[in-house]
Amino acid sequence: MALTFGVTVLPDPPYTRLIELMQKAEKHGFEYGWTYDSHILWQDSYATLPLVAAATDKIKLGHCVTNPGIRDPTVTASWYATMQDISNGRMVMGIGRGDSSRRVVGLKPVRVAEFEARLRMIKDLMNGRKAEWNEKELQLEWVRDELPEIPMQVAGYGPRALGVAGRVGDGVIIQLADPQIIQWIMDTARKAAAEDGRDPEALECIVCAPSHVSDDLADAREQVRWFPAMVSNHVMDLIERYGADSDEIPSALTDFVKARKFYDYKEHSRVGAKHGEFVTDEICDRFCVLGNAEQATEKLRELESIGVDQFNIYLMTQGQEETLAAYGERIIPQFSGVAA
């Protein structure tokens with residue numbers, strides 16, 4: 001199956017910018033348009049995504065990622081089902097345990113067992129099936145049967161969260177572009193799927209990372225140091241649970257955080273964030289897709305060869321229009337089955 005392309009745009013004010021960039025992405029051949037869900041750091045994307053749906057025609061839309069702990073999960077399910085109607089079947093859910101959305105308001109990520117229970121309910125309820133919740137049988141009887149099922153893509157790094165992805169999700173959202181770590185993550189999720197009697201090969205692999213297309217590699221690296229620093233939040237959680245030298249977690253994922261000093265959510269996903277200063281050039285190259293169009297294409301070919309289904313650009317670098325145009329004109333057309 002050919003590699004498909006998505007883009008994640010921050011829900012920064014003005015909200016019209018989110019709409020504008022999603023429209024440009026659609027015109028450049030991107031099949032998926034994602035946005036963050038962190039209602040204190042940015043505008044509430046549950047309010048702005050319906051405006052994107054109204055202003056676009058075919059791009060699939062969703063959160064990368066929402067979580068089942070800030071809003072009542074039945075509200076999240078109903079919102080996605082409503083949006084599936086509004087968008088005429090273009091929704092896809094990305095969901096994780098909650099990082100910035102919960103930590104900023106003093107809450108920890110949702111516990112894994114609760115995460116799994118909530119995901120099972122949401123998946124059934126938003127797709128019109130009966131679901132048990134709070135000892136009540138619930139169903140959104142107004143869901144249109146003729147619309148496709150809303151896929152649920154589950155984000156995770158550790159074995160327990162990846163087990164949930166394998167047992168419940170339609171795919172795995174991976175926030176880094178390192179082939180070695182991607183393969184370990186997918187192997188872990190697929191093992192859980194197989195143990196649960198599901199088809200492990202049916203699990204989609206969605207890789208999310210910044211991509212800065214430029215001949216100036218040094219500048220490109222400066223554009224993306226914030227990203228491995230963001231990933232380090234999740235890695236620190238893994239180390240706290242499994243230990244720094246655990247054989248359950250690959251050292252390729254944990255070693256880079258040893259030089260980390262702090263993290264400031266006020267600079268979350270921002271170019272030039274001070275907390276990214278510990279990130280080396282090597283880690284920028286491993287975790288992101290950098291360089292000129294030919295170098296970016298070479299990295300994407302490698303990702304495609306190991307089974308990545310979608311590459312989702314985190315569009316939080318300078319020159320956003322230029323990145324979309326570079327992909328639309330020089331990169332996406334090289335991958336068969338994707339509209340130029």
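Have a look at Gln84, Gln23 and point out the one that is under 26 Å from Asp309 (Cβ atoms) and open to solvent by 20 Å² or more (accessible area, probe 1.4 Å). Reasoning before the result, please.
Values: Gln84 fails: open to solvent by 20 Å² or more (accessible area, probe 1.4 Å).
Result of the check over Gln84, Gln23: Gln23.
For segment 1-57, how many residues meet the condition of being closer than 17 Å to Ala325 by Cα and part of a strand (DSSP E or B)? Please lay out each step first, then the result.
Of segment 1-57, the ones closer than 17 Å to Ala325 by Cα are 4-9, 17-33.
Cutting the leftovers down to part of a strand (DSSP E or B) gives us 4-9, 32-33.
Qualifying residue count for the region: 8.
For segment 283-296, does any single residue satisfy the condition of being farther than 22 Å from Ile206 by Cα, at pLDDT 95 or above and of a type in the set (Lys, Arg)?
Step one: filter segment 283-296 for residues farther than 22 Å from Ile206 by Cα, giving 292.
With at pLDDT 95 or above added as a condition, the list becomes 292.
From what is left, the residues that are of a type in the set (Lys, Arg) are none.
No - not one qualifying residue is present in segment 283-296.
Across segment 205-234, what is the number of residues that are within 16 Å of Thr280 (Cα to Cα) and either in contact with a Lys or Arg (Cβ under 8 Å, 6 or more places away or on another chain) or part of a helix (DSSP H, G or I) (or both)?
Matching residues across segment 205-234 total 15.
For Phe278, are the conditions met, namely being in a loop (DSSP other than H, G, I, E, B), open to solvent by 50 Å² or more (accessible area, probe 1.4 Å) and either within 22 Å of Val172 (Cβ to Cβ) or not β-branched (Val, Ile, Thr) (or both)?
Details: in a loop (DSSP other than H, G, I, E, B): yes; open to solvent by 50 Å² or more (accessible area, probe 1.4 Å): no; either within 22 Å of Val172 (Cβ to Cβ) or not β-branched (Val, Ile, Thr) (or both): yes.
No: the conditions fail for Phe278.
Which condition number in (1) touching a residue at least 60 places away in the same chain (Cβ under 8 Å); (2) part of a loop (DSSP other than H, G, I, E, B); (3) open to solvent by less than 40 Å² (accessible area, probe 1.4 Å) is the one that Gly69 fails?
With (1) touching a residue at least 60 places away in the same chain (Cβ under 8 Å); (2) part of a loop (DSSP other than H, G, I, E, B); (3) open to solvent by less than 40 Å² (accessible area, probe 1.4 Å) applied to Gly69, the lone miss is (1).
Among the residues of segment 42-58, how many are hydrophobic (A, V, I, L, M, F, W, C) and touching a His at 6+ places or on another chain (Cβ under 7 Å)? First the steps, then the outcome.
Here is the first cut: in segment 42-58, the ones hydrophobic (A, V, I, L, M, F, W, C) are 42, 47, 49, 51-55.
If we keep only those that are touching a His at 6+ places or on another chain (Cβ under 7 Å) too, we end up with none.
Selection size over segment 42-58: 0.
What number of residues in segment 237-262 are basic (Lys, Arg), part of a helix (DSSP H, G or I) and closer than 14 Å to Phe278 by Cβ?
Residues in segment 237-262 being basic (Lys, Arg), part of a helix (DSSP H, G or I) and closer than 14 Å to Phe278 by Cβ: 1 in total.
Which pairs have Cβ atoms under 9 Å, sit 6 or more apart or on different chains, and link a residue in segment 243-270 that is at positive phi to one that is part of a helix (DSSP H, G or I) and crowded, with 18+ Cβ neighbours inside 10 Å?
That search, which allows pairs on different chains as well, returns Ser269/Ser100; Ser269/Trp226; Ser269/Phe227; Ser269/Met230.
Checking Gln318 against (1) open to solvent by 30 Å² or more (accessible area, probe 1.4 Å); (2) over 19 Å from Gly6 (Cβ atoms); (3) not in a loop (DSSP other than H, G, I, E, B), which test does it fail?
All conditions are met except number (3).
What residue, among those in segment 308-340 that are touching a helix residue (DSSP H, G or I) at 6+ places or on another chain (Cβ under 7 Å) and small (Gly, Ala, Ser), is modelled with the highest pLDDT?
This residue is Ala326.
For segment 144-156: of the residues being over 12 Å from the mean Cα position of the chain (by Cα) and over 14 Å from Trp34 (Cα atoms), which is most open to solvent (accessible area, probe 1.4 Å)? Lay out the reasoning, then the answer.
Narrowing segment 144-156 to residues over 12 Å from the mean Cα position of the chain (by Cα): 144-151.
Checking which are over 14 Å from Trp34 (Cα atoms) leaves us with 144-150.
Details: Arg144: 76, Asp145: 145, Glu146: 129, Leu147: 29, Pro148: 74, Glu149: 91, Ile150: 2 Å².
Top of the filtered list is Asp145.
Mind listing just one residue for me: the one in segment 101-117 that is in contact (Cβ under 8 Å) with a residue 60 or more places away in the chain and not small (Gly, Ala, Ser) and, of those, surrounded by the most Cβ atoms within 10 Å (Cβ to Cβ)?
Initial filter on segment 101-117 (in contact (Cβ under 8 Å) with a residue 60 or more places away in the chain): 101, 103-105, 109.
Next, only the ones that are not small (Gly, Ala, Ser) stay: 103-105, 109.
On the way: Arg103: 17, Val104: 15, Val105: 12, Pro109: 19.
Only one residue tops the list, namely Pro109.
Six or more apart or on different chains, Cβ atoms under 9 Å: show the pairs whose first residue is in segment 170-188 and open to solvent by 10 Å² or more (accessible area, probe 1.4 Å) and whose second is hydroxyl-bearing (Ser, Thr, Tyr).
Gln175/Tyr157; Gln175/Tyr314; Pro179/Ser305
The values are calculated or read from the model by the stated rules, or taken from the named source; none is laboratory data. The structure displayed is predicted, hence computed values, not measured ones. Counting neighbours? That spans all protein chains shown, and the Cβs are built from the backbone with ideal geometry, glycine included. We work out accessible area using only protein heavy atoms, side chains counted, and drop any ligands, DNA or RNA first. Shrake-Rupley method; radii C 1.70, N 1.55, O 1.52, S 1.80 Å.
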